[in-house]
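Since the structure comes first, as C-alpha cells, the remarks are kept for the end.
The values are calculated or read from the model by the stated rules, or taken from the named source; none is laboratory data. A quick note: this is a predicted structure, and the numbers were derived from the prediction, not measured. No Cβ is skipped: glycine too gets one built from the backbone with ideal geometry, and neighbour counts run over all protein chains shown.
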Amino acid sequence: MTGTGRSKPSLAVWKFASCDGCQLTLLNCEDELLAVADRLDIDYFLELSSATVAGPYDLSLVEGSITTAHDIERIAEIRRQSAHLVTIGACATAGGIQALRNFGNVDELLRIVYATPSYISTLDTSTPISSHVEVDYELRGCPIDRGQLLEVISSYLNGRRPNIAAHSVCIECKQRGNPCVLVAHRTPCLGPITHAGCGALCPSYNRGCYGCFGPSETADVGAMVTALRAVDLPDSDIERLLHTFNAWAEPFRGPVPVAAPTRRTP
C-alpha cells in the first residue's frame, strides 16, 4: 500500500469541527493500537503527539465537518497529500449535530450565543467532507465503533475494501435477542433505518435508537415515519428525532412526509 517509498505505510489523522470523540476511539484501542503502530508510521496525529512528519500520506483519517472557508482550503490540501482518505464519524460523514445550523439562521444563532458575533468567521452550513473532496470510504457513528475502525485500517493495509455490515440496528437487536421496543413498548426507535455498528446499545436498555450511525443503505424513511405515527409520535417530534447526530445525511434531512388523509368508513 505504501506510496511514500518507506518500508511501512504512513497514517495521518485530521480534525475539523467535531468533539474529538472519534479520534479518541483510535486512542482507546489500547493493545490493538500497539499493533497498528507496528504496521503503520503514525506521521500526523495531534491528539496523540505534537511531533509530526510532512506528507504525503498513504492513509488519512478525517474527523469533523466543514464549517469555515479555511476548512475548505485545508481539506483540499489534505486530499492532495493523501493516497487514501477515509472520513470517520457523524460529523465527517453527515455534517454532525452542528449541521442543525443548516435548518436555521446562522446570524441569529451567532447573536444569541456570542457576545461579539463579529469576531466569529463561519459558513452558514456544516457539511460532510464528501461535499468538498473525493472520499474513499465513510465510517459512520457518533462516535465510531472501535472494531469497525480497526477493520477499516486493516483493510487498507491489506489492499481490500472494508468488510463493514450494511444492515440496520434491527439486525443487531435480533442477534442480541432484544424485544422490539417499538412494537413491544411503543417506544420511538430509529433502529429500522439506522446503520448497524453500535451493537444495539440503546434498545438493549429498553430505549429507542437515536440514529447515531446514520441512515442504513436501504433506509425507508417514509415507512419509518408511518410506524412512528402509529405510536402517536407527532410530526414535530419525528422531525426532531431525525435531526440529531446525522441531521444533514440523506435521507434524514428531508421534511417529514405529509401524512395520508385518514379514511372514514361510512
Practice task
Could you grab me the full set of residues in the stretch 26-47 that are over 29 Å from THR122 (Cα atoms), touching a residue at least 40 places away in the same chain (Cβ under 8 Å) and assigned to a helix (DSSP H, G or I)?
Solution key: GLU32, VAL36, ARG39
Exercise for the section: Tell me, please, whether a residue that is in contact with a helix residue (DSSP H, G or I) (Cβ under 7 Å, 6 or more places away or on another chain), farther than 16 Å from ARG146 by Cα and not assigned by TED's automatic domain parsing to the domain that holds CYS198 can be found in the stretch 20-37. Expected result: no
Completion exercise
Counting only residues that are of a type outside the set (A, V, I, L, M), under 23 Å from the mean Cα position of the chain (by Cα) and surrounded by fewer than 21 Cβ atoms within 10 Å (Cβ to Cβ), the stretch 225-255 contains a total of 10
Problem - Filter pass, THR87 being out of contact with any Cys (no Cβ under 9 Å at 6 or more places or on another chain), buried (at least 22 other Cβ atoms within 10 Å of the Cβ) and either in a helix (DSSP H, G or I) or assigned by TED's automatic domain parsing to the domain that holds CYS142 (or both) - result: yes
Practice task
With the condition kept exactly as written, say whether any residue in the stretch 54-68 is assigned to a helix (DSSP H, G or I) and touching a Pro at 6+ places or on another chain (Cβ under 7 Å).
Solution key: no
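Condition check ((1) modelled with pLDDT of 95 or more; (2) part of a strand (DSSP E or B); (3) at negative phi; (4) touching a Phe, Trp or Tyr at 6+ places or on another chain (Cβ under 9 Å)) across all residues:
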position	(1), (2), (3), (4)
LEU182	yes, no, yes, no
PRO188	yes, no, yes, no
MET224	yes, no, yes, no
ARG253	no, no, yes, yes
VAL258	no, no, yes, no
Practice task
Would you check if VAL135 is on the phi < 0 side of the Ramachandran plot and either touching a Leu at 6+ places or on another chain (Cβ under 9 Å) or not assigned by TED's automatic domain parsing to the domain that holds VAL36 (or both)?
Solution key: yes
Practice task
Only residues in the stretch 93-121 that are closer than 25 Å to LEU61 by Cβ count as the first member; pair them with residues that are basic (Lys, Arg), Cβ under 6 angstrom, at least 6 apart or cross-chain, and list the lot.
Solution key: THR93/ARG140
Practice task
May I ask you to list pairs of residues, at least six apart or on different chains, whose Cβ atoms are under 7 Å apart, with the first in the stretch 48-69 being modelled with pLDDT of 95 or more and the second being surrounded by fewer than 12 Cβ atoms within 10 Å (Cβ to Cβ)?
Solution key: THR68/SER121
Exercise for the section: Assess whether ARG74 counts as being under 21 Å from SER154 (Cα atoms), in a helix (DSSP H, G or I), basic (Lys, Arg) and not assigned by TED's automatic domain parsing to the domain that holds SER216. Expected result: no
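Residue-wise test of (1) out of contact with any Asp or Glu (no Cβ under 9 Å at 6 or more places or on another chain); (2) buried (at least 21 other Cβ atoms within 10 Å of the Cβ); (3) in contact (Cβ under 8 Å) with a residue 60 or more places away in the chain.
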| site | (1), (2), (3) |
| --- | --- |
| GLU172 | yes, yes, no |
| GLY177 | yes, no, no |
| THR187 | yes, no, no |
| LEU190 | yes, yes, no |
| ILE193 | no, yes, no |
| GLY197 | no, yes, no |
| CYS209 | yes, yes, no |
| GLU217 | yes, no, no |
| ALA223 | yes, no, no |
Practice task
Among the residues of the stretch 100-125, count how many are closer than 24 Å to GLU250 by Cα and in contact with a His (Cβ under 9 Å, 6 or more places away or on another chain).
Solution key: 2
Exercise for the section: Assess whether THR93 counts as being in a helix (DSSP H, G or I) and touching an Asp or Glu at 6+ places or on another chain (Cβ under 6 Å). Expected result: yes
Handout entry: Scope the stretch 143-158; condition crowded, with 17+ Cβ neighbours inside 10 Å, part of a helix (DSSP H, G or I) and under 14 Å from the mean Cα position of the chain (by Cα); matching residues
Key = GLN148, LEU149
Exercise for the section: Mind listing whichever residues of the stretch 72-116 are of a type in the set (Ser, Thr, Tyr) and in contact with a helix residue (DSSP H, G or I) (Cβ under 7 Å, 6 or more places away or on another chain)? Expected result: THR87
